[in-house]
1. Quick check on my filter: what residues within the range A:93-116 are closer than 22 Å to B:Phe133 by Cβ, modelled with pLDDT of 55 or more and either loosely packed, with under 13 Cβ neighbours inside 10 Å or within 7 Å of another protein chain (Cβ to nearest Cβ) (or both)?
2. Step by step: first the residues of the range A:15-24, then only those that are assigned to a strand (DSSP E or B) and surrounded by 21 or more Cβ atoms within 10 Å (Cβ to Cβ), then the one that is nearest to the other protein chains (Cβ to nearest Cβ). Which residue is that?
3. In the range A:25-58, how many residues are more than 14 Å from every other protein chain (Cβ to nearest Cβ), of a type outside the set (A, V, I, L, M, F, W, C) and touching a strand residue (DSSP E or B) at 6+ places or on another chain (Cβ under 7 Å)?
4. Which residues, counting only those in the range A:117-158, are more than 7 Å from every other protein chain (Cβ to nearest Cβ), closer than 20 Å to B:Tyr131 by Cβ and basic (Lys, Arg)?
5. Report, by residue number, each residue of the range B:77-101 that is within 7 Å of chain A (Cβ to nearest Cβ) and either of a type in the set (Gly, Ala, Ser) or in contact with a Leu (Cβ under 8 Å, 6 or more places away or on another chain) (or both).
6. Of everything in the range B:174-188 that's crowded, with 17+ Cβ neighbours inside 10 Å and at the interface with chain A (Cβ under 7 Å from one of its Cβ atoms), which residue is modelled with the highest pLDDT?
7. Only residues that are touching an Asp or Glu at 6+ places or on another chain (Cβ under 7 Å) and facing another protein chain (nearest Cβ under 10 Å): list them for the range B:116-133, please.
8. Taking the condition of being buried (at least 24 other Cβ atoms within 10 Å of the Cβ) and not in a loop (DSSP other than H, G, I, E, B), how many residues in the range B:228-237 meet it?
Amino acid sequence: MLLLATALTMTDAVSGETLYVAAKSAQLRSGKTSLDPVVATLKLGETLDVVKRDDRWVQVRTAKGVTGWIYANNVSASKPAGGDNELAALGQSVRRTDASAVTASAGARGLDKASEDYANRAGITQQHREAVDRMTAYKIPDQDIQEFLKSGRLGEYAE
Amino acid sequence: MQNKTYRTLLAFGLLLLSTAGLTGCAEIQKVAEDAARSTGNERLAKTIHGGGNLIGGLLPIGYEEEHTIGQAMALQVIARYGGVYDKPDLTRYVNLVGRAVALTCDRADIEYRVAILNHDSINAFAAPAGYIFVTRGLLKTIKNEAELAAVLGHEIGHVTRKHILDVIQRSKQIAGVAEAGLAYANKNPDAFKNVIDGAVKTLLDEGLDQGKELESDRLGVIFASRVGYDPTAYETFLDRLRTLKGDDLAFFKTHPDFSNRLSAVRSTISEQKLKATGTLLADRYSRSSSGAL
């Protein structure tokens with residue numbers, strides 16, 4: 001029993017190397033194939049401690065203490081940049097002198113106020129406005145993208 | 001080091017502006033100019049010296065502003081190209097390829113969406129905040145999913161590197177919008193319209209500079225290759241375009257010099273050791289597009 005516990009600890013010992021999730025979402029699996037069960041779904045930028053590497057897969061431990069295998073192309077040694085870096089966000093907050101004039105957050109259905117004004121001034125037809133509206137709202141669940149990768153044997157599903 | 005000094009300088013200026021309102025702007029400008037010069041950044045010092053409402057204009061555009069710019073440009077792109085091609089299954093397929101490539105691109109946290117423009121010409125465009133367009137003519141020229149993945153990777157590259165925003169920020173037309181942001185755009189719609197029209201002209205008529213196109217070519221093959229597509233598919237595709245007769249002048253005007261582009265792609269594949277996986281997915285492409293184009 002004692003021996004088993006020691007062996008497990010040694011297997012899980014981290015190497016001291018830190019990686020970051022570099023995909024919008026990524027699956028942590030119990031083994032190093034895409035057929036192994038998913039033990040956690042990770043988000044972009046999550047910090048991972050490396051346990052060991054094996055070709056296309058890396059064994060990692062998450063901040064929550066979950067250990068598993070992640071496809072190597074889903075991790076990066078450098079922290080991925082966000083959509084808004086610190087400086088851009090700072091500039092945006094300073095420039096926003098009249099918060100009431102700023103439109104609803106991105107992702108809400110409907111055009112942004114400034115875009116709507118632009119459409120009026122540029123004489124954009126209702127049909128084309130609706131096309132941009134639909135484009136803005138277009139969503140595909142992450143699960144569907146995983147299925148798409150799987151059926152094309154892409155990413156971690158490659159043989 | 002210089003970047004850090006620049007950030008500190010801007011943060012200092014912003015702090016002063018936010019506490020003192022806009023009074024004392026000239027003094028702040030002088031301090032900022034001297035500080036920039038003392039760090040050896042003469043270019044920044046001159047920019048500050050020549051700037052009016054300097055601080056906001058020097059800062060990068062934030063995502064909310066980027067989204068509005070991208071959306072307004074999308075309106076004009078769709079209008080200029082006569083609308084979108086309304087084929088839901090094909091649109092979903094093109095978006096799935098785009099999302100698959102975007103999943104592990106260098107800016108994976110924003111939404112990317114692709115619309116098909118109902119136009120025979122061969123072209124693709126990217127507006128800020130992930131608004132990507134491919135023409136029906138382009139989809140007819142593409143032979144497999146790996147080629148489409150690299151083309152979409154190229155466009156995603158323009159978005160990740162904020163190429164259009166860079167053009168806008170370098171343009172004098174930005175005066176006002178970059179300084180005062182969306183609040184200014186909402187209050188001064190004419191100025192905002194000028195910014196958008198200028199950016200669309202660059203995107204559709206003049207084209208981005210060669211450096212930005214080559215950078216996006218490199219990123220396109222890297223992003224597509226990360227997902228497992230064969231990067232050499234993009235070489236084949238560019239080579240095919242090169243041999244096309246010049247019946248699509250717009251494309252060749254906005255995407256010039258295929259020899260340079262091909263050599264950039266080849267050197268990227270070699271330097272980055274991108275694997276020729278053989279994954280082209282020609283059947284899936286053919287199945288998804290057959291009868292729809």
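1. Result: A:Arg109, A:Leu111, A:Asp112, A:Ala114, A:Ser115.
2. Residues of the range A:15-24 that are assigned to a strand (DSSP E or B), as a first pass: A:18-21.
Next cut, surrounded by 21 or more Cβ atoms within 10 Å (Cβ to Cβ) only: A:19, A:21.
Values: A:Leu19: 13, A:Val21: 9 Å.
Only one residue fits best here, namely A:Val21.
3. 9
4. Correct list: A:Arg134, A:Lys139.
5. So in the range B:77-101, the residues within 7 Å of chain A (Cβ to nearest Cβ) come out as B:78-79, B:83-84, B:95-96, B:99-100.
Scanning the range B:77-101 gives B:Ile78, B:Ala79, B:Gly83, B:Val84, B:Ala100.
6. The selected residue is B:Asn186.
7. B:Ala129, B:Gly130, B:Ile132 - these are the residues of the range B:116-133 that are touching an Asp or Glu at 6+ places or on another chain (Cβ under 7 Å) and facing another protein chain (nearest Cβ under 10 Å).
8. The total comes to 2.
The values are calculated or read from the model by the stated rules, or taken from the named source; none is laboratory data. Given the structure is predicted, the values throughout are model-derived calculations rather than measurements. Positions of Cβ are backbone-derived with ideal geometry, glycine not excepted, and every protein chain shown enters the neighbour counts.
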